[in-house]
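Worksheet: one structure, shown below.
The values are calculated or read from the model by the stated rules, or taken from the named source; none is laboratory data. The structure displayed is predicted, hence computed values, not measured ones. When we count neighbours, we look across all protein chains shown, and the Cβ atoms used for this are built from the backbone with ideal geometry, even at glycine.
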Amino acid sequence: MGRGGHTAQTFALVDLLGPDFEYLYFIGVLDQLTPKKIKIPGRVLPVLPPRLLPQDSKIMSVVRTVVTLFLSFMYLFVLRPAVVVSCGTGLTVPIFYAARSLGVKTVFIESMSRVTELSITGRLLLGKTDLFVVQWPELAKKTPGAIYGGQLL
């Protein structure tokens, strides 16, 4: 998860799904606020976000992404979830690639802020998930492989 809208949408989805599932929360190592917002308990798994600071170099972003890919692979290999769901944060790409390599189902829900075009994360994952959901009918019409799922918030 990330900060702001992605987190709010994720928690709205978790609230809709309820406590009958076991949750794993992938959260950036410097994000101290998100774990405090968790209402339905689950295991918090720390990962490195691609960019910790706006001034970070592209090389460091690549290194962090590779580390997150490795961490995600290890977490998913040991914990074996049935499905990994994300509401669009940049952390999603390496986590989903690790999940796919292990045969874990993936569901990507594009951020509701993306009305007319996909986010970078959405563009990187389109066609590489088991289910790709957008929150605006206009975006579903122009995005092959996406389905309109309504809005989370």
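Take Lys142 and tell me if it is of a type in the set (Lys, Arg) and more than 23 Å from Leu48 (Cβ to Cβ). Don't jump to the end; show me each part of the working.
Numbers: of a type in the set (Lys, Arg): yes; more than 23 Å from Leu48 (Cβ to Cβ): yes.
It is true that Lys142 is of a type in the set (Lys, Arg) and more than 23 Å from Leu48 (Cβ to Cβ).
Before we move on, is Ile27 in contact with a strand residue (DSSP E or B) (Cβ under 7 Å, 6 or more places away or on another chain), assigned to a loop (DSSP other than H, G, I, E, B) and of a type in the set (A, V, I, L, M)?
Numbers: in contact with a strand residue (DSSP E or B) (Cβ under 7 Å, 6 or more places away or on another chain): yes; assigned to a loop (DSSP other than H, G, I, E, B): no; of a type in the set (A, V, I, L, M): yes.
Answer is no for this residue.
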Which listed residue is under 23 Å from Thr143 (Cα atoms), buried (at least 23 other Cβ atoms within 10 Å of the Cβ), hydrophobic (A, V, I, L, M, F, W, C) and out of contact with any Leu (no Cβ under 8 Å at 6 or more places or on another chain), from Leu91, Leu125 | Leu91
Only one of (1) part of a helix (DSSP H, G or I); (2) under 22 Å from Leu124 (Cα atoms); (3) modelled with pLDDT of 95 or more does not apply to Met60, and that is (3)
